[in-house]
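Some notes on the structure that comes next.
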Amino acid sequence: MTVIMSLDDNQKNTVRQWIEDGLQLNDIQKKLADELGVSMTYMDLRFLLSDLALTPRDEEEETEDSAAEAEDGAGAAPDSPEGPGDELPGEDMAGDVSVTVDELTRPGYMISGRVTFTDGKRAEWFIDQMGRPGINPEDPDYRPSQEDIMKFQTELQRILSRSGY
């Protein structure tokens, strides 16, 4: 796990400008390293943008596309495979990735939950007391695809922001 580095106000404003300029997350991640000397994982960057209440333009377009699909009836999510009490009211899935929040957070974490990826593999996710995200797959050798990780991060950000985090 990587510790999310604290950015000063000037660096935060630079990131805001990159978002306004329409840069995608991988471009911002590269610029952070190249121009500001800040190395950050993709997930750390997602949480940083969430903390700054910023949404990249490519995600805004995806959200509009998803809303159009929902109106057409396409993209309706099946019921979650998780047990009762694991979901937030009105929670649904991002594509084929299902994310739930634990009703009772596991000890040592600020928040925790479960994720089921497109291939049916499951993992526990958490954000520890230092604000660091992590995933513990049921199968220790399992590594979700990059696409599944991106879907997981998008859905987790949506759920957490709706929950007041």
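The values are calculated or read from the model by the stated rules, or taken from the named source; none is laboratory data. Source: prediction; values computed, not measured. As a convention, Cβ positions derive from the backbone with ideal geometry for all residues, glycine included, and neighbour counts pool all protein chains shown.
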Being within 19 Å of ASP44 (Cβ to Cβ), small (Gly, Ala, Ser) and part of a loop (DSSP other than H, G, I, E, B) is the filter here; which residues of segment 117-144 pass it?
GLY131
Among the residues of segment 13-29, write down those that are part of a helix (DSSP H, G or I) and within 19 Å of the chain's Cα centre (by Cα).
VAL15, ARG16, ILE19, LEU25, ASN26, ASP27, ILE28, GLN29
Please go through segment 101-116 and pick out each residue that is under 17 Å from ILE159 (Cα atoms), in contact with a strand residue (DSSP E or B) (Cβ under 8 Å, 6 or more places away or on another chain) and outside any strand (DSSP E or B).
ASP102, THR105
Which members of segment 135-165 meet the condition of being under 20 Å from LEU52 (Cα atoms) and of a type outside the set (D, E, K, R)?
MET150, PHE152, GLN153, THR154, LEU156, GLN157, ILE159, LEU160, SER161, SER163, GLY164, TYR165
Mind counting the residues in segment 122-165 that are out of contact with any Asp or Glu (no Cβ under 7 Å at 6 or more places or on another chain), among the basic types (Lys, Arg) and touching a residue at least 12 places away in the same chain (Cβ under 8 Å)?
4
Confirm whether THR55 is at pLDDT below 80 and touching a helix residue (DSSP H, G or I) at 6+ places or on another chain (Cβ under 8 Å).
yes
